[in-house]
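Undergrad: I'd like to ask you about the structure that follows.
The values are calculated or read from the model by the stated rules, or taken from the named source; none is laboratory data. Predicted, not measured: the structure shown is a model, and the values here were computed from it. Heads up, the Cβs are rebuilt from the backbone with ideal geometry, glycines too, and the neighbour counts pull from every protein chain shown. What goes into the accessible areas is simple: the full protein's heavy atoms, side chains included, and nothing from ligands, DNA or RNA. Shrake-Rupley method; radii C 1.70, N 1.55, O 1.52, S 1.80 Å.
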Amino acid sequence: MATATDQLVGFGLVAFSLALFAYYTVWIVALPFIDSNHGIHKYFLPREYSVTIPVVAGLLLLLFIGTFIVIVMWKNRKPAKKLN
């Protein structure tokens with residue numbers, strides 16, 4: 001059973017993910033159809049970052065997953081048997 005702290009952390013992660021998804025969706029889908037001199041554009045990064053930020057985040061994720069796998073495999077290795 002999840003404790004109240006676990007539920008609060010889970011709710012926070014879901015809320016953060018939802019806010020990030022909404023921001024990215026508005027940035028990529030809706031913003032190109034809004035006039036470029038509208039005031040809403042000051043709340044968003046330039047469009048070049050719409051590709052570079054997810055690519056960098058994905059590469060960092062792969063790096064952390066690979067590092068985790070290497071550390072786990074290194075800690076669980078068995079000593080080599082000596083041949084007589």
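Undergrad: In this structure, is SER36 of a type outside the set (Lys, Arg), assigned to a loop (DSSP other than H, G, I, E, B) and open to solvent by 60 Å² or more (accessible area, probe 1.4 Å)?
TA: yes
Undergrad: For residues that are open to solvent by 100 Å² or more (accessible area, probe 1.4 Å), of a type outside the set (Ser, Thr, Tyr) and under 19 Å from the mean Cα position of the chain (by Cα), scanning just region 39-62, find the one that is nearest to PHE21 (Cα to Cα).
TA: ARG47
Undergrad: Would a scan of region 8-30 turn up a residue that is loosely packed, with under 10 Cβ neighbours inside 10 Å and hydrophobic (A, V, I, L, M, F, W, C)?
TA: Taking every residue of region 8-30 in turn, at least one turns out to be loosely packed, with under 10 Cβ neighbours inside 10 Å and hydrophobic (A, V, I, L, M, F, W, C).
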